[in-house]
Amino acid sequence: MKVMKLRSRLLSFTAMFVFSASNAGAETIAAAQYATPVERYGHFALGRPHEYARLTATTEGGRSVSFKLPEDEVFEDLAPRLVSLATGEPKEVLAIVSQRDRGSRLVLIRLRGGRLEISAESRAIGTPNRWLNPVGVADLDGDGRVEIAAVTTPHIGGTLKVYRRNGSKLVEIAALAGFSNHLYGTSELGLSTPVLIGGQLRLLVPDETRRQLRLIAWERGALNEVGRCAIPAPVTGAIRVVSPSAVLVGLASGDGKIALNDCLANRGSGGTGRQ
């Protein structure tokens, strides 16, 4: 039952949704990838060659389309994520775009009128060579509206932020400091994930040292820590859900299995954050 609830509420980065009848005849994105590696930005948070000038997509009908960024921007990302922010809506690409003077931001790119275009974006971090790493795309409070969670500046004292789409903007609606879900220079982005515990979606994200796992709930407009787990070595690899009650965590010392209920038993400082 818990697994079924997770499948119905969690929109993972690779999730494919069945479209409503009103979208049945619309051209949709089937796959996407980055193209044209460039050196013009030069941050390389993910190592080389993961800064790109173009996004290419293939439609369900087999047509290829392309989106090119301006000369002062790059996709500082590993691979595009196909997401749908509501049941029945066409898939869009969620990407990380970095700009020469303002650093990184989240961008949604859609297919409209046969062309790719930016449909919504978050505010940029505001400083060059400052990056962010998504945690997941999910209905975090069960109200039927989908949120995007990400850690900004995960290499220098990261902040967990939750965004919601409002027209052409991805608006930050909550934030909480003290996280890191990426090791600079590596291409592993999966150091955090949404998890379902007792029928409730939570964000499982390492703290800023990557030596503890923090369980975070978003409730009534605030991010609250509801549990944490000490681990024997820093998180360096992906966190994978292996059962409704456990995750497998990539540690510097090797994979470790963590019981989520053990994390709930240790609530830490219970910090909150609100926008």
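Of all the Cα-Cα pairs you can form in the range 116-275, what percent are over 27 Å apart?
Tail fraction, whole percent: 19.
Counting Lys and Arg as +1 and Asp and Glu as -1, what is the net charge of the other residues whose Cβ lies under 9 Å from the Cβ of D141? Each step should come with its number before you reach the end.
Numbers: positive: R145, R220; negative: D139, D143, E147, E219.
Its environment carries a net charge of -2.
Size check on the range 15-134: the Cα extents along the three principal axes, sorted descending, read 44, 24, 22 Å. Scaling against 2.2 N^0.38 Å puts the C-alpha radius of gyration of the range 87-132 at 1.31.
Give, in nm to one decimal, the length gained when the segment between T58 and T209 is fully stretched (0.36 nm per residue of separation minus the Cα-Cα distance).
On the way: separation 151, 0.36 × 151 = 54.36 nm, distance 3.96 nm.
Computed gain between T58 and T209 is 50.4 nm.
Do the sum for the chain: with -39,500 (n - 2.57) for every DSSP H run of n ≥ 4, divided by all residues, what is the mean residue ellipticity at 222 nm, to the nearest 500 deg cm²/dmol? The helix contribution divided over the chain gives -1000 deg cm²/dmol.
Put simply, the amide H of I197, placed in the peptide plane, has neighbours under 5 Å in R202, leaving out anything fewer than 5 places away on its chain.
Of L69, L78, L132, the residue with the greatest mean-square motion in the GNM of the chain, using alpha carbon springs below 10 Å, is L69.
The residues packed around T28, meaning those with a beta-carbon under 12 Å from its beta-carbon, carry a net charge of 0 if Lys and Arg are +1 and Asp and Glu are -1. Our summary gives the range 2-274 a relative contact order of 13 percent, counting only alpha carbon pairs under 8 angstrom and 6 or more residues apart.
Any read-out appearing in this document is the output of simple, stated calculations on the displayed coordinates, not a laboratory observation. Just so you know, these numbers come straight off a predicted model, no measurement behind them. Quick reminder, even Gly has a Cβ in these numbers, built from the backbone with ideal geometry, and neighbours come from all protein chains shown.
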